[in-house]
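Asks: Input: one structure, supplied below.
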Amino acid sequence: MMRSLIDKILERALIVIISIMLLAVIWQVISRYILGSPSTLTDEIASFSLIWLGLFGAAYATGKQLHLAIDLIPSKIINNSPIFYQSIIAVSVIIFSLFVMVVGGTRLCWLTYILDQKSAALEIPLTFIYVAVPISGSLIIFYSIDTLKEMKNQNE
């Protein structure tokens, strides 16, 4: 129930973000090549949208179990104990997301807040841009824990 609600919110947020990015890039092309005066705002909007799209897209992909997999372990070992292997992956993702994305992202946000860093063109606090890192990390942790619960329920 909670997972489906978060999925819907994330889907809509991703659609809005990619729409904003698309409009910003289209306006950048029009202003540069047709009007002859490139817009400085659209460059930052497109860049910040790409950051948010990548981070929230990673969380969404984790929730749908569509994340990138690099097969370093032979499939024979994986096929013998797939639940154990998937559990190790989920726990590894949780540990990475917790320490790198949530803790590190929160420290990044705090640092940019303390230093009062603002973007060059839009002059918005960079904390608002970087807050996507700990939020995305939290969503990835939520999805990974939910996946572990589902695996446990299937195993019983």
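Asks: When only residues in region 64-81 that are hydrophobic (A, V, I, L, M, F, W, C), open to solvent by 60 Å² or more (accessible area, probe 1.4 Å) and over 22 Å from residue 7 (Cβ atoms) count, which is modelled with the lowest pLDDT? Spell out the reasoning first.
Replies: Applying the first criterion (hydrophobic (A, V, I, L, M, F, W, C)) to region 64-81 yields 66, 68-70, 72-73, 77-78.
Applying the additional criterion that residues be open to solvent by 60 Å² or more (accessible area, probe 1.4 Å) yields 66, 68-70, 72-73, 77.
Add one more test, that the residue is over 22 Å from residue 7 (Cβ atoms), and what stays is 70, 72-73, 77.
Values: 70: 61, 72: 64, 73: 66, 77: 69.
Top of the filtered list is 70.
Asks: Among residues belonging to region 130-156 that are charged (D, E, K, R) and closer than 13 Å to residue 3 by Cβ, point out the one that is modelled with the lowest pLDDT.
Replies: That would be 150.
Asks: Tell me, which residue of region 98-116 that is of a type outside the set (Val, Ile, Thr) and in contact with a strand residue (DSSP E or B) (Cβ under 9 Å, 6 or more places away or on another chain) is least open to solvent (accessible area, probe 1.4 Å)?
Replies: The selected residue is 116.
The rows are residues; the columns are (1) surrounded by fewer than 17 Cβ atoms within 10 Å (Cβ to Cβ); (2) under 17 Å from the mean Cα position of the chain (by Cα).
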| site | (1), (2) |
| --- | --- |
| 29 | yes, no |
| 62 | no, yes |
| 83 | yes, no |
| 86 | yes, no |
| 93 | no, yes |
| 96 | yes, yes |
| 118 | yes, no |
| 129 | no, yes |
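Asks: Take region 31-60 and flag every residue that is of a type in the set (A, V, I, L, M, F, W, C) and more than 14 Å from the chain's Cα centre (by Cα).
Replies: Quick first cut of region 31-60, residues of a type in the set (A, V, I, L, M, F, W, C) only: 34-35, 41, 45-46, 48, 50-53, 55-56, 58-59.
The answer is 34, 35, 41, 45, 46.
The values are calculated or read from the model by the stated rules, or taken from the named source; none is laboratory data. Keep in mind the model is a prediction, meaning the values are calculated, not measured. For neighbour counting, all protein chains shown are included, and Cβ atoms are generated from backbone atoms with ideal geometry for every residue, glycine included. Heads up: the accessible areas ignore ligands, DNA and RNA and are worked out on the full protein's heavy atoms, side chains in. Shrake-Rupley method; radii C 1.70, N 1.55, O 1.52, S 1.80 Å.
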